[in-house]
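Note sheet for the following structure.
No value in this document is a laboratory result; all are computed from the given coordinates. Nothing here was measured: the structure is a model prediction, and the numbers come from that model.
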Amino acid sequence: MQELTSDFWINRYKENDTGWDIGYVSTPIKDYIDQLTNKNLRILIPGCGNAYEAEYLFNNGFKKVFVIDFSPIALANFKKRLPAIPDNQLICDDFFNHKEKYDLIIEQTFFCAISPNLRSKYAKHVSELLNKNGKLIGLLFNNPLNDDKPPFGGSKEEYLNYFSPYFNIKFMDAAYNSIPPRKNKELFINLSKK
């Protein structure tokens, strides 16, 4: 398996090899955001890519939205689309080095992009980044995908093993409102920190 370094992701953006990028906020996440009433939530989107979720949040009054990505190209693309977002909310770093605290973390194609041997570490690190009663929401692929390069798939049973030690599982089931190409291939998750 190719090492998933910063250079790997930078090259994917340089070559416009971004098949995971649907070009807008995904429907399940948009619908979740639309029911949020507290605009003061401190929100993180790890492995944000072009960060359509962050753009949607920011344009809908959520001003404490932070994004982190390995790729400065992804962050620059986002900043061009949303120049109003403060620079200190764009973090170019390895997610596992990050130490701030958040009320909500949104998962959109990052978990499936990291090496599967980092999944337990991801679950633990997300819980460490969340404030008391913090939530992790988002989408996980629910099918076996590539073994040698992202996106990496998985199953509900596998994911429960990673997240159950750190989270109360409020919801982890098939997303009813996935975009057509991902229909029946995604689990929507809503997990609260233990």
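When the Karplus curve 6.51 cos²θ - 1.76 cosθ + 1.60 is applied with θ = phi - 60°, which whole-Hz ³J(HN,Hα) does each residue of region 72-86 get, with x for Gly and Pro?
x, 5, 4, 5, 5, 4, 5, 4, 5, 6, 10, x, 6, 6, x
Let me know the volume per residue of the alpha-carbon convex hull for region 42-194, in Å³.
Taking the convex hull of the Cα positions in region 42-194, it is 116 Å³ per residue.
Once you have a ≥ b ≥ c as the square roots of the Cα gyration tensor eigenvalues for region 55-136, tell me rounded if a/c is under 1.5, and otherwise prolate or oblate according to whether a/b is larger than b/c.
It is oblate, given that a/c is not under 1.5 and a/b is not larger than b/c.
In terms of modelled amide H atoms, which long-range or inter-chain residues lie less than 5 Å from the amide H of PHE167?
HN-HN under 5 Å from PHE167: LYS194.
Given a cut-off of 25 Å, name the pairs among LYS63/LYS185; LYS79/LYS193; LYS63/LYS183; LYS99/LYS132; LYS132/LYS183; LYS80/LYS124 whose C-alpha atoms lie farther apart than that in the structure shown.
Working: LYS63/LYS185 32 Å; LYS79/LYS193 31 Å; LYS63/LYS183 31 Å; LYS99/LYS132 15 Å; LYS132/LYS183 33 Å; LYS80/LYS124 33 Å.
Flagged as over cut-off: LYS63/LYS185; LYS79/LYS193; LYS63/LYS183; LYS132/LYS183; LYS80/LYS124.
Would you please give the residues with an amide H less than 5 Å from that of GLY138, counting only those at least 5 places away or on a separate chain, with H modeled from the backbone geometry?
GLU107, ILE189
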